[in-house]
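A.B. asks: I'd like to ask some things about the structure below.
The values are calculated or read from the model by the stated rules, or taken from the named source; none is laboratory data. A quick note: this is a predicted structure, and the numbers were derived from the prediction, not measured. In this analysis, Cβ positions are derived from the backbone assuming ideal geometry, glycine residues included, and neighbour counts consider all displayed protein chains. Remember, those area values only see protein heavy atoms, side chains included, never the ligands or the DNA or RNA. Shrake-Rupley method; radii C 1.70, N 1.55, O 1.52, S 1.80 Å.
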Amino acid sequence: MQYPIRALALMGALAFAAGTAHAQVDVDTFIKRDQFTDIQLSPTGEYLAATLPLEDRTVLVILRRADNSVSTKFTPEKNGHVSSFAWSGDRRVVFDVGKKDGLLDRPQPTWELYKLDVDGSPDILIGMGKAIKAADAHKIGRTTSYVGAEVVDLLPAEERYAVINVMEPGEARYSSAERLDLQTGNRAPLVRSPVRNSTFATDNAGVVRFSWGAGSDNAVKLYYREGNAGEWRLVHDEAQAGTVEWPVGFSEDNRIAYLEAQNKNGPNSIVAWDIAANTRKVVLQDKVADPEKILYRPNSQVPVGALVTAGQTRSVFFEPDGADARLYHSLEAAFGTAVEVTSTDKRGNLLLVKSWAGGNPGDFFLFDATAKKASHVASRKAWFDPDKTAQVEPITLQARDGVALHGYFTRPRGGQGKALPMVVMPHGGPIGIHDTWQFDRDVQMLAAAGYAVLQVNYRGSSNYGRAFQDAGAQEWGKAMQDDVTDATRWAIQQGYADASRVCIYGASYGGYAALMGVAKEPGLYKCAAGYVGVYDLPMRYARGGAQETRSGENWLREWMGSPETLADVSPVNLADRIKVPVFLAAGGEDVNAPVEHTRKMEAALRKAGVPVETLYYPTEGHGFYTQEHQHAYYTQLLAFLSRSLGGQPAKAAAAQP
């Protein structure tokens, strides 16, 4: 099979055809898969490891940097996705595989670990081996079908070994930290977790020092021990404190432990805990947003700062004038975008830098720290020119009760700034997910069709602290929905949107919010579109996966409410209030939002006399995988929106010879 490896040599980017609001939209341009997802440089600088998305799986490839040729690769089975990977030594990548049943799902871990040498075949280290084809697997050591594992520490000083978290099966599982021989697959126990469903953290010497997890009550407990001979002691309990803390690293001398700490009010902070003195000091806290990703000193596990997205993404450091801060700020200034150093060679001279922006899908550059020069490596979507995409503008507004809301407003490229037709696009999730400052293909496609797009992080979203997320508990169809309404009215009051041309569209929970929006706010929206949505909330206690465990059912009750209270905020019971056209799409194999939600919503709308059109694919899951199905879906969506808002439909497909 041929892979688009030559994309690594591309320096330029092609302008996309649907660059203005006046051209019909070339859907295929937007649904085309990324050329790469993530890339990491080997310690010697000789190789690049990269994940490559295919239709229904994500492949791992190792490339020789000298000529961009493929050295080796790993291809999982259908619905398998290489979730995370890292170099372990000069010539080996260790990775895990997740599974998801639809494009919009987040990969669920299979708890299998693999290794891939630069000139070898994939080997399973631990796990059941279901994600790898038997003909390609060379099982080593004594793996078992009854445990799974995740990497804790790849031990840079001992590249033959790793510390892993080995988990027992079942919801009430305990786990053990073990030392894994990456050559033989043999394992040696280190310490057992004091809490269920836990993970571990090591210091810079590879000693397991923290363990944290939660039982069926979903309350996270954090334990600490002094060293290999130390006993576990509880240092933070969510059930008592009402907040969660977890470790993110140690100082170079292991005397300071850095924790990310939730606060009862305001965003999360990074705290330096002097272990011997038992004193704590806040070293990083933004006024608006949580740390989104911890930044580490090159070639170390020592945290030095974080990326924060309070509007646009930027870097913040424990020492604002330190060398790490100066490096990042110089890169940000040079690229004019957000940046992240994803990996370096072991000398610290070659840095692989990822850059992105709201209108830029992302590029990878190799930065020579000595020569102060950068060379282009790859673009995720090389066919887009960031100078011709719609720009994503951060916004802030107040909800009706005074709560600050943050989000993004995207205007069509070349369009007028006022009185625009607008699509409101609530994100999925809903709890613990947030819209961020990044390239979103749906947003860009809608902007190319001539629409402004409004995204709001309603309460319940992550990124703005514990209290803001907790404020979404049991607020489906209530305060969370009111936040979407208030943002819509804000955009109209600002003159950005034409009040007579506003529709609402979303996927998963966003589909729920779209249908709930037109039921709860008659007259505000001219149409609604729901993609793989949930519309009958009590059904979630019977179908959907979460209800299959005690912790999952507790989560449903904590965040959604009891089944008896949810009928009044279920769109299937409110169809007679909906007075505008509706478009629904779903997949027959959707486990997250079973297709019965959409079937029942369609039936209720037809009974109420509401104009409704649908699109079903029996073989698709939570989001359509195949590009043929995606093309049909977006073509129908754009045609549907065009009839209500007047924007551009999809460009007709070229005739086949």
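A.B. asks: Mind checking region 271-338 for trypsin sites (Lys or Arg not before Pro) that DSSP puts in a loop (not H, G, I, E or B) and that have at most 11 other Cβ atoms within 10 Å?
C.D. replies: Numbers: sites: R280, K281, K287, K293, R314, R326; in loops: K287.
For trypsin sites (Lys or Arg not before Pro) across region 271-338 that sit outside H, G, I, E and B with at most 11 neighbouring Cβ atoms in 10 Å, the list reads K287.
A.B. asks: Still on this structure, please answer the following. What size of dipole, in debye to the nearest 20, comes out for the chain about its Cα centre when the only charges are +1 on Lys and Arg C-beta atoms and -1 on Asp and Glu C-beta atoms? Present the calculation step by step, with values, prior to reporting the outcome.
C.D. replies: Numbers: 69 positive and 76 negative charges, 152 e Å.
Using only the charged Cβ atoms, the result is roughly 720 debye.
A.B. asks: I'd like to know which of F583, L48, V534 lies farthest towards the positive end of the charge dipole of the chain, counting +1 on Cβ of Lys and Arg and -1 on Cβ of Asp and Glu.
C.D. replies: F583
A.B. asks: Roughly what would the spin-label model give for V282 and D576, points 7 Å off Cα along C-beta, in nm?
C.D. replies: Computed distance between label sites V282 and D576 equals 5.2 nm.
A.B. asks: Express in Å², to the nearest 10, the accessible area of K388 obtained by rolling a 1.4 Å probe over the protein heavy atoms while all chains stay in place.
C.D. replies: 100 Å²
A.B. asks: Can you give the accessible area of H629, probe radius 1.4 Å, in Å² rounded to 10?
C.D. replies: 30 Å²
A.B. asks: What lysines sit close enough to K264 to cross-link, taking a C-alpha to C-alpha distance under 19 Å and skipping anything fewer than 8 places away on the same chain?
C.D. replies: By straight Cα distance, K264 reaches K221, K281, K287.
A.B. asks: If each of A653 and T396 carries a label point 7 Å out from its Cα toward its Cβ, how far apart are those two points in nm?
C.D. replies: It is 4.7 nm.
A.B. asks: For region 354-387 and region 68-118, write down the distance between their C-alpha centroids in whole Å.
C.D. replies: About 23 Å separates the Cα centre of region 354-387 from the one of region 68-118.
A.B. asks: Can you compute the FRET efficiency between R160 and W383 using 1/(1 + (r/R0)^6), with r the Cβ-Cβ distance and R0 = 45 Å? Round to the nearest 0.05.
C.D. replies: The pair R160/W383 has a calculated efficiency of 0.60.
A.B. asks: Are there GluC sites (Glu not before Pro) in region 16-91 that DSSP puts in a loop and that have at most 14 other Cβ atoms within 10 Å, and which ones?
C.D. replies: Of the GluC sites (Glu not before Pro), the ones in loops of region 16-91 whose Cβ has at most 14 other Cβ atoms within 10 Å are E55, E77.
A.B. asks: Let me ask something additional. Determine the alpha carbon to alpha carbon distance for each of K293/K526; K99/K373; K73/K354 and list only those over 29 Å. Can you show the working numbers first?
C.D. replies: Details: K293/K526 39 Å; K99/K373 39 Å; K73/K354 22 Å.
Pairs exceeding the cut-off: K293/K526; K99/K373.
A.B. asks: Continuing with this model, one more query. Run the reach check for K651 against aspartates and glutamates, Cα to Cα strictly under 18 Å, same-chain hits fewer than 8 apart removed. What comes back?
C.D. replies: Counting by Cα, and skipping residues close in sequence, K651 has these aspartates and glutamates nearby: D26, D28, D442, E628.
A.B. asks: Given a 1.4 Å probe, how much area per residue of the chain is accessible, in Å²?
C.D. replies: 41 Å²
A.B. asks: Sort out for me the Cα centre separation of region 279-308 from region 577-604, rounded to whole Å.
C.D. replies: If you average the Cα positions of each part, the centres end up 42 Å apart.
A.B. asks: Defining a contact as two alpha carbons under 8 Å apart and six or more residues distant in sequence, what relative contact order in percent does region 271-397 show? Kindly include the intermediate steps, with their values, before the conclusion.
C.D. replies: Values: 205 pairs, mean separation 17.3, N = 127.
Dividing the mean separation by the residue count of region 271-397 yields 14 percent.
A.B. asks: Output the peptides 248-260, 473-485 sorted from most to least packed, where packing is the average of other Cβ atoms within 10 Å over each peptide's residues.
C.D. replies: So the peptides 248-260, 473-485, ranked by packing, come out 473-485, 248-260.
A.B. asks: Starting from the amide H of A497, placed 1.01 Å from N in the peptide plane, find each other amide H under 5 Å away whose residue is 5 or more places distant or on another chain.
C.D. replies: A419, L420, I492
A.B. asks: Can you match mean projected area of the Cα convex hull in nm² to one of these, [x] 34.2; [y] 28.5; [z] 30.1, based on a calculation from the structure here?
C.D. replies: The listed entry that was calculated here is [y].
A.B. asks: Want the number for E589 to S562: 0.36 nm per residue separation, take away the alpha-carbon distance, what's left?
C.D. replies: On the way: separation 27, 0.36 × 27 = 9.72 nm, distance 2.64 nm.
So the extension gain works out to 7.1 nm.
A.B. asks: Take the alpha-carbon centre of region 393-467, take the same for region 33-54, and report the distance between them in whole Å.
C.D. replies: The distance from the Cα centre of region 393-467 to that of region 33-54 comes to 30 Å.
A.B. asks: At 1.4 Å probe size, with the rest of the protein present, what percent of the exposed accessible area of the chain is carbon and sulfur atoms?
C.D. replies: The computed percentage sits at 48.
A.B. asks: Could you list which residues have their amide H under 5 Å from that of V304, counting only those 5 or more apart in sequence or on another chain, with H placed in the peptide plane?
C.D. replies: The answer is L295, Y296, R297.
A.B. asks: What full-extension length gain, to one decimal in nm, is calculated for S69 and H376 as 0.36 nm per residue of separation minus the Cα-Cα distance?
C.D. replies: On the way: separation 307, 0.36 × 307 = 110.52 nm, distance 1.65 nm.
Contour length minus Cα-Cα distance gives 108.9 nm.
A.B. asks: Also, quick follow-up: Just tell me which aspartates and glutamates come within less than 17 Å, Cα to Cα, of K418; anything on the same chain fewer than 8 places away is out.
C.D. replies: Hits, sequence-local ones excluded: E393, D498.
A.B. asks: Another question, then. Express in Å², to the nearest 10, the accessible area of S343 obtained by rolling a 1.4 Å probe over the protein heavy atoms while all chains stay in place.
C.D. replies: Here the residue's solvent-accessible area equals roughly 20 Å².
A.B. asks: Hey, another quick one. Amide H neighbours of V612 under 5 Å, counting only residues 5+ apart in sequence or on other chains, H built in-plane at 1.01 Å?
C.D. replies: Amide H neighbours of V612, under 5 Å, 5+ apart: V582.
A.B. asks: For every helix of n ≥ 4 consecutive DSSP H residues, a contribution of -39,500 (n - 2.57) applies; sum these over the chain, divide by its total residues, and give [θ] at 222 nm rounded to the nearest 500 deg cm²/dmol.
C.D. replies: Using -39500 (n - 2.57) per qualifying helix, the result is -4500 deg cm²/dmol.
A.B. asks: Roughly how many debye, to the nearest 20, is the charge dipole of region 441-520 about its Cα centre, given +1 on each Lys and Arg Cβ, -1 on each Asp and Glu Cβ, and no other charges?
C.D. replies: On the way: 7 positive and 7 negative charges, 11 e Å.
Computed about the Cα centre, the dipole is about 60 debye.
A.B. asks: Moving to a separate point now. Which value, in debye to the nearest 20, gives the size of the charge dipole of region 251-312 about its Cα centre, when Lys and Arg are +1 and Asp and Glu are -1 at the Cβ?
C.D. replies: 120 debye
A.B. asks: Taking +1 at the Cβ of each Lys and Arg and -1 at the Cβ of each Asp and Glu, which of T309, L350, A277 sits farthest along the dipole of region 266-414 towards its positive end, judged by Cα position relative to the Cα centre?
C.D. replies: Comparing the listed Cα positions along the dipole, L350 ranks first.
A.B. asks: Please give the contour-minus-distance gain from A603 to I275: 0.36 nm per residue of separation, less the Cα-Cα distance, rounded to one decimal in nm.
C.D. replies: Values: separation 328, 0.36 × 328 = 118.08 nm, distance 6.12 nm.
That pair, A603 and I275, stretches by 112.0 nm at full extension.
A.B. asks: Which sequence of R400, R413 reflects their accessible areas, 1.4 Å probe, from the largest down?
C.D. replies: Most to least solvent-accessible, the answer reads R400, R413.
A.B. asks: Now for a different question. Please give, to one decimal in nm, the separation of the simple spin-label points placed at N349 and K78, each 7 Å out from Cα toward the Cβ.
C.D. replies: With each label point 7 Å from Cα toward Cβ, the separation is 4.9 nm.
A.B. asks: Here's something else I'd like to know. Take every Cα pair under 8 Å in the chain that's 6+ residues apart, average their separations, divide by the length, and report that relative contact order as a whole percent.
C.D. replies: Relative CO of the chain lands at 11 percent.
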